[in-house]
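Right, one structure below, let's go through it.
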């Protein structure tokens, strides 16, 4: 089964440009297995937490979460992950 990027590449030059742009924006996942484990654990918890920091930035996020107001922290996370406000 072809992936979405493979299907885009088959659409000619325009599709190849779109596929290249999507690949450039895709974040590199250094520890995808650890993130998947945290997602499964979060989904199956009886009393889930609001956030589950994972990865190389997790220690910094935990400290930042305590120092910065919640609203500002959420804005920073959204900006870092290129999410809309």
Within the stretch 41-49, is there a residue that is exposed (fewer than 13 other Cβ atoms within 10 Å of the Cβ), touching a helix residue (DSSP H, G or I) at 6+ places or on another chain (Cβ under 6 Å), at pLDDT 80 or above and part of a loop (DSSP other than H, G, I, E, B)?
-> yes
For the stretch 69-85, enumerate the residues that are outside any helix (DSSP H, G or I) and more than 14 Å from the chain's Cα centre (by Cα).
-> 69, 85
Taking the stretch 71-85 and keeping residues surrounded by 10 or more Cβ atoms within 10 Å (Cβ to Cβ) and over 24 Å from residue 31 (Cβ atoms) leaves 72, 75
The lone exception for residue 6 - which of (1) part of a helix (DSSP H, G or I); (2) modelled with pLDDT of 80 or more; (3) more than 17 Å from the chain's Cα centre (by Cα) it fails = (2)
Go through (1) part of a helix (DSSP H, G or I); (2) at positive phi and name the single condition residue 66 misses.
-> (2)
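The values are calculated or read from the model by the stated rules, or taken from the named source; none is laboratory data. Keep in mind that this is a model prediction, so the values were computed, not measured. Ideal geometry is used to build each Cβ from the backbone, glycine not excepted, and the neighbour counts take in all protein chains shown.
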